[in-house]
1. Consider only pairs whose beta carbons are under 9 Å apart and that are at least six residues apart or on different chains; among these, list those whose first residue lies in region 54-71 and is over 17 Å from L86 (Cα atoms) and whose second residue is outside any helix (DSSP H, G or I).
2. When only residues in region 22-34 that are touching a Ser or Thr at 6+ places or on another chain (Cβ under 8 Å) and touching a residue at least 24 places away in the same chain (Cβ under 8 Å) count, which is farthest from D98 (Cα to Cα)?
3. Pick from A17, A88: which is crowded, with 18+ Cβ neighbours inside 10 Å, part of a helix (DSSP H, G or I) and either at positive phi or in contact with a Ser or Thr (Cβ under 6 Å, 6 or more places away or on another chain) (or both)?
4. In region 115-165, which residues are touching a residue at least 24 places away in the same chain (Cβ under 8 Å), outside any helix (DSSP H, G or I) and among the aromatic types (F, W, Y)?
5. If I ask for residues that are within 18 Å of F132 (Cα to Cα) and either in a loop (DSSP other than H, G, I, E, B) or without any contact (Cβ under 8 Å) to a residue 40 or more places away in the chain (or both), which ones from region 96-114 would you list?
6. Keeping to region 20-33, report how many residues are within 25 Å of I91 (Cβ to Cβ) and not in a helix (DSSP H, G or I).
7. Among the numbered criteria (1) in a helix (DSSP H, G or I); (2) at pLDDT below 95, which one does G64 miss?
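The values are calculated or read from the model by the stated rules, or taken from the named source; none is laboratory data. Quick caveat: nothing in here was measured; it's all calculated off a predicted structure. Neighbour counts are summed over all protein chains in view; Cβ atoms, including those assigned to glycine, are modelled from backbone coordinates with ideal geometry.
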Amino acid sequence: MTLCISMEELLAWNDEASAFWKAHFEANPALLQLSCDIGGTTTVQEFVCHIWGVELRWSQRIAGQAPTPREEMPAGPLDALFEMHLKADTIVRSLLEDPAHDWNEIVTLDLPWLPERLRKQSRRKLVAHMLFHSQRHWAQLATLVRSAGFPSGFYGDILFSTGMQ
């Protein structure tokens with residue numbers, strides 16, 4: 001047994017969180033219109049778009065693809081937003097299944113907002129960043145909806161993930 005956490009386990013954790021929130025929003029669609037000021041968003045729906053849109057764009061960078069332009073990403077409905085998560089998941093899983101994929105390869109990021117010293121990163125670090133970015137935001141969302149009087153029952157900690165033993 002290894003003490004390392006695999007990317008497959010982190011992907012499973014991320015998939016569980018994404019599926020939870022999709023189901024929660026389907027059961028409570030009004031939550032998508034709640035005010036939200038995280039990450040430059042104004043509503044929960046915009047925030048969810050940010051979370052899954054970032055997954056898509058980072059997965060594309062990791063795969064060496066051109067990231068989908070923000071203006072081409074859907075603003076809704078929920079199924080279209082969730083499709084971005086599914087596409088990102090498919091991209092990363094296909095890379096994980098490719099024995100020739102070099103996770104230690106350094107990628108140069110063309111992101112003007114990122115300090116120059118951080119623009120060269122391994123694909124491994126980028127996929128970890130992508131997954132933890134989502135988890136961090138899901139935790140923020142759980143707090144936001146609870147504070148607004150709509151507790152979600154979200155158990156986002158890795159302790160509760162069935163994707164890891």
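1. Every condition considered, the pairs that remain are G64/V107.
2. First, pick out the residues of region 22-34 that are touching a Ser or Thr at 6+ places or on another chain (Cβ under 8 Å): 24, 32-34.
When the remaining residues are screened for being touching a residue at least 24 places away in the same chain (Cβ under 8 Å), the result is 24, 32, 34.
Numbers: H24: 34, L32: 37, L34: 41 Å.
Step by step, filter region 22-34, then rank; the result is L34.
3. Details: A17 fails: either at positive phi or in contact with a Ser or Thr (Cβ under 6 Å, 6 or more places away or on another chain) (or both).
Among A17, A88, only A88 is crowded, with 18+ Cβ neighbours inside 10 Å, part of a helix (DSSP H, G or I) and either at positive phi or in contact with a Ser or Thr (Cβ under 6 Å, 6 or more places away or on another chain) (or both).
4. F150, F154
5. In the first step, residues of region 96-114 are kept if they are within 18 Å of F132 (Cα to Cα); the result is 96, 103, 114.
Of everything in region 96-114, those that are within 18 Å of F132 (Cα to Cα) and either in a loop (DSSP other than H, G, I, E, B) or without any contact (Cβ under 8 Å) to a residue 40 or more places away in the chain (or both) turn out to be W103, L114.
6. 0
7. Evaluating G64 over (1) in a helix (DSSP H, G or I); (2) at pLDDT below 95 leaves (1) as the failure.
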